[in-house]
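Take a look at the structure set out below.
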Amino acid sequence: MQVRDAMTRSVVTVGPDTPAKYAAEVMAERGFAALPVVDGDGAVIGIVAEADVLRDRLPQDPRLHLIRESETRTTPHLLVRGVMTSPARTVPLTADIADVARLFVDARLRSVPVVDGARLAGIVSRRDLLRTLVRPDDDIRRDLLRLVESYTQDPDRWSVTVADGVATVRRVGRAPLDTDATADPGILQRAVTSLARTVPGVIDVRVEDPAEDPAEDPAVDAPR
């Protein structure tokens, strides 16, 4: 599954000359952890996060500290360009969401901008990835069955069940001998497995073939 299938396409952005206070207001009111910073052409040039606008912007209350801040405390940067992280870490539209999930965990990120070339295409967050895990099993089953039938060109020959995101795909009828896509059971199994892994919400997949069960194989003689 690619990032383009999970990302949020409507993105609130700021420019480098946007007041840092405005960026803070947007994040506070909209519940965003960070905002992409873009130039006039829509290219991502940085990212401003909650921590960036909090840093050095809250002076100490002198009533609560024995050692007070210096009287010559430096005025914090007032524009986004002075607080943003640049360059920003981004991911392409075609990135595997498994790799993005690993990035979130390893780098402790909550979201990253998604780019098409250099231009901003969307943003993907931990919550976006979580949404793919909670898709209804019936929706997952419907999408997977449609993909399998389209690939094999054999409607009504497949059974798909999904339980808690785990998909089981089983061929319930013999395919025509002249169908290239189903000529080799091994190739077919690998192809269907790969297809299943592209469906949002699938966390694991098993592909079964009636040949695995001699009792259902018409080539096996019945007991005499």
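Of note:
- Of the beta bridges in the stretch 3-132, as assigned by DSSP with both residues counted there, near 85 percent are antiparallel.
- Computed FRET value (nearest 0.05) for Asp17 with Leu103, which takes r as the C-beta separation and R₀ as 22 Å: 0.15
- Counting neighbouring beta carbons within 10 Å and listing from fewest to most, the residues Ile123, Ile203, Ile140 come out as Ile203, Ile140, Ile123.
- Ordering Met27, Met1, Met7 from the fewest to the most neighbouring beta carbons within 10 Å gives Met1, Met27, Met7.
- Arranged from fewest to most other beta-carbon atoms within 10 Å of their beta carbon, Leu133, Leu93 become Leu133, Leu93.
- Other residues lying with their Cβ under 12 Å from the Cβ of Val148 contribute a combined charge of +2, Lys and Arg counting +1, Asp and Glu -1.
- Within the stretch 3-132, the proportion of C-alpha pairs whose separation exceeds 21 Å stands at 45%.
- Per-pair calculated FRET efficiency, R0 = 35 Å: Glu29 and Thr75 via Cβ, rounded to 0.05: 0.90
Read the figures in this text as sums done on the coordinates, not as results from a lab. Everything numeric here is computed off the predicted structure, so don't read it as measured data. All Cβ positions, glycine included, derive from the backbone under ideal geometry; neighbour counts span all protein chains shown.
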